[in-house]
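The next block holds one structure in the form of structure tokens; read it before the comments.
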Amino acid sequence: MLDAVRAEALKLRRHRATWLMVWIYPIAFTLIIGGVLLYGLFAAHGPAGPPQPAAEWIQDSTMLWKVPTSAPGRFLIAGFAAVVFAGEYGWNTWKLIIPARTRWQLIAAKWAVTLGFLVIALVAADLITLLGGWLGSLQDGQLPAGVTLAAVAEAHWKAGTHALLPIIYTIAFAGLFAILTQSILATVILSIAMVVIEGMLPLIAIFFHGYAPALTSWLVKVLPLYHMANLNAWAKGGAAIPFGPNEILSLSWTTSFWALTAWIVAAGLGTQLRFLRQDLN
């Protein structure tokens, strides 16, 4: 299994899609932070304003972790997963790889490498952003009082772990779409549609609730779309979906977490079962 992961990582680490959709995070944030610091170094400074509160500074330093949970960030994740999983069909390379490994290992290796590359890139970009925030504060005078290493580490750990499940969810369903459609383009289109529908879910729920209230309520609670949106919104207090004038859905973070976990497991099993039965000669 480790050999399969190493082979997949070796194949993808310098791939153009990896540079454009994964390594782009630390590269882009290095350029952005560098530009901001250079501008602050040479720009004229006016009178110093009131110091930023420590809690606000720490929260601002975790902004990077909102990128992979946003719609554009998830489009990039799904696009990379599409290349990783569906690219083998377009390149017609499955028949060269399969004799050397069992099929379940090949899919598991792709999951591991896709998630591993993304986590490495995001952690690197997060550290770059944190370093840039620290240097920027030194340019302005000093760090706000109350900013400690323990508080910063705790905030970044929480932000990173909250972003992890949406990343895994996006990879799992993009992988499933790739195995089902055997097409990078179709996988990207389906993944984008899934993310867009999540954003439109309140309007969709209100529309269909007027025709089939019981069915609409049941589908929203069972399907993963609301639970994905709810997890992303819990940082702001939770996502309540109004069905009509007298019905609102607002589930706990724990409920949405376990519901989404179940869907991720189902997508993973579906991917493995479909791939085991495919004729790839």
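The values are calculated or read from the model by the stated rules, or taken from the named source; none is laboratory data. From a predicted model like this one, the values you see are computed outputs, not experimental measurements. Reconstructed Cβ throughout: ideal geometry from the backbone, glycine too, with neighbour counts over all protein chains shown. Side chains are part of the model used for accessible areas, which takes the heavy atoms of the whole protein and leaves out ligands, DNA and RNA. Shrake-Rupley method; radii C 1.70, N 1.55, O 1.52, S 1.80 Å.
Take the residues of the range 49-69 that are open to solvent by less than 40 Å² (accessible area, probe 1.4 Å) and assigned to a loop (DSSP other than H, G, I, E, B): which is modelled with the lowest pLDDT?
S61
Determine, yes or no, whether W263 is modelled with pLDDT of 85 or more, crowded, with 17+ Cβ neighbours inside 10 Å and under 28 Å from K66 (Cβ atoms).
yes
Test of understanding: among L118, L106, which residue is closer than 30 Å to A178 by Cβ and modelled with pLDDT of 95 or more?
L118
Filter the range 245-260 for residues that are under 16 Å from A205 (Cβ atoms) and open to solvent by 50 Å² or more (accessible area, probe 1.4 Å) and give the result.
The answer is P245, N246, E247, I248, S250.
Which of the helices (runs of 4 or more DSSP H) found entirely inside the range 165-237 contain at least 3 residues meeting this: in contact (Cβ under 8 Å) with a residue 60 or more places away in the chain and over 14 Å from I264 (Cβ atoms)?
In the range 165-237, 184-209 are the helices (runs of 4 or more DSSP H) which contain 3 or more residues that are in contact (Cβ under 8 Å) with a residue 60 or more places away in the chain and over 14 Å from I264 (Cβ atoms).
Going through the range 72-103 one residue at a time, which ones are over 17 Å from F177 (Cβ atoms) and either free of Cβ contacts under 8 Å to residues at least 40 places away in the same chain or of a type in the set (G, A, S) (or both)?
Passing the criteria: P72, G73, W91, N92, T93, L96, I97, P99, A100, T102.
So how many residues does the range 140-158 have that are surrounded by 15 or more Cβ atoms within 10 Å (Cβ to Cβ) and in contact with a helix residue (DSSP H, G or I) (Cβ under 6 Å, 6 or more places away or on another chain)?
Residues meeting the conditions: 5.
Are any residues in the range 89-111 assigned to a helix (DSSP H, G or I) and open to solvent by 40 Å² or more (accessible area, probe 1.4 Å), and if so, which ones?
Answer for the range 89-111, where residues must be assigned to a helix (DSSP H, G or I) and open to solvent by 40 Å² or more (accessible area, probe 1.4 Å): G90, W91, K95, L96, I97, P99, A100, R103, W104, W111.
T114 versus (1) hydroxyl-bearing (S, T, Y); (2) within 24 Å of F257 (Cα to Cα); (3) surrounded by fewer than 17 Cβ atoms within 10 Å (Cβ to Cβ): which is the lone unmet condition?
The number of the failed condition is (3).
Output the qualifying pairs, or none if there are none: Cβ atoms under 7 angstrom, residues six or more apart or on different chains, first residue in the range 269-281 and on the phi < 0 side of the Ramachandran plot, second residue surrounded by fewer than 14 Cβ atoms within 10 Å (Cβ to Cβ) and charged (D, E, K, R).
L280/K95; N281/K95
When you look at G136, is it out of contact with any Lys or Arg (no Cβ under 8 Å at 6 or more places or on another chain), outside any loop (DSSP other than H, G, I, E, B) and open to solvent by less than 60 Å² (accessible area, probe 1.4 Å), yes or no?
In short, yes.
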